[in-house]
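Asker: Supplied in structure tokens, the structure appears directly below.
The values are calculated or read from the model by the stated rules, or taken from the named source; none is laboratory data. A quick note: this is a predicted structure, and the numbers were derived from the prediction, not measured. All Cβ positions, glycine included, derive from the backbone under ideal geometry; neighbour counts span all protein chains shown.
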Amino acid sequence: MKRLEGKVALVTGAGSMNGGMGNGKATAIRLAQEGARICALDLHLAAAEETCELIRAEGGSAVALAADVTQEDQVQTAVAQCLSEFGQIDILQNNVGILKTGGAMDSTVEDWDQLVHVNMKAVFLPTKHVLPHFVDRKAGIVTNISSIAGLRYLGTPYIGYNATKGSIISFTRNLAAEMAPHGVRANAILPGFIDTPMARDITEQKSEDPDAIDWDALDRQRAERIPLGRVGTPWDVANAAVFLSSDEASYITGTEITVDGGVSCRV
């Protein structure tokens, strides 16, 4: 039997840029491979539908939803649509986040406000509106994507991003403690250097000549910083999400799984 047979997962950020493979998209696919029915939610309906097509091609069940997860009315509608489609939600996987560069002195107020607005509301609003259903059923799983950047400085000035990712860790721990009496588990995944379309987009934005980027050389350079010797993939993050969503993790709540190839254990 598949580990998530009979479960329904609402996966935010389930699409990906430019048809690539991001953490949310890979997680939606892996949850479906383990038997979960998927509500794939993304800001762009076409991106969510692309994920659903991949799931259906493997025999899975998925419906695409469009919503801006920073807008409460849209989140409420999306949760209602998922419940209408499948009758239940067992797993909430919060993947949405944005990244902007900038240190303590050169970050703009506009960038700071946008990071706080998106990265914190993207976990707060879906959680807030799925929780009543979880409480009624006395069961539910919330998994939030944070980052090892939420723990420490990684050598590049991303102070706003790092601060919001750190807040997700605190949010998750508080959520776990508050909701444990209701049978709800909450954990965070902290990815390290993961090869995603968003990560590549940021690299291109920082480059004076994006067409001249040697991606293979860049990956080798990054791999040298990683004890396991390779850059991570979205599937590494997705596999951690599958575990936290399964009964194998039934006694795990209020903590973090670090998916970084050992980066954060090296000073």
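Asker: Mind telling me which of the residues Ile226, Ile169 ends up being more than 29 Å from Lys2 (Cα to Cα), surrounded by 17 or more Cβ atoms within 10 Å (Cβ to Cβ) and at pLDDT below 95?
Answerer: Of the residues listed, the single one that is more than 29 Å from Lys2 (Cα to Cα), surrounded by 17 or more Cβ atoms within 10 Å (Cβ to Cβ) and at pLDDT below 95 is Ile226.
Asker: Under 30 Å from Gly192 (Cβ atoms), in a strand (DSSP E or B) and among the polar types (S, T, N, Q) - does that describe any residue in the range 88-101?
Answerer: Taking every residue of the range 88-101 in turn, at least one turns out to be under 30 Å from Gly192 (Cβ atoms), in a strand (DSSP E or B) and among the polar types (S, T, N, Q).
Asker: Go through the range 175-204 and give me each residue that's at pLDDT below 95, among the hydrophobic types (A, V, I, L, M, F, W, C) and either in contact with an Asp or Glu (Cβ under 8 Å, 6 or more places away or on another chain) or in a loop (DSSP other than H, G, I, E, B) (or both).
Answerer: The answer is Phe193, Ile194.
Asker: Would you check if Thr156 is of a type outside the set (A, V, I, L, M, F, W, C) and under 30 Å from Gly35 (Cβ atoms)?
Answerer: Answer is no for this residue.
Asker: I've got another one for you. Out of all the residues in the range 24-74, which are of a type in the set (A, V, I, L, M) and in contact with a Phe, Trp or Tyr (Cβ under 6 Å, 6 or more places away or on another chain)?
Answerer: Ala26
Asker: Still on this structure, I have one more. Quick check on my filter: what residues within the range 53-83 are of a type in the set (Gly, Ala, Ser) and touching a Lys or Arg at 6+ places or on another chain (Cβ under 8 Å)?
Answerer: Gly60, Ser61, Ala62
Asker: Do we find that Ala240 is assigned to a helix (DSSP H, G or I), hydrophobic (A, V, I, L, M, F, W, C) and more than 24 Å from Ala26 (Cα to Cα) in this structure?
Answerer: no
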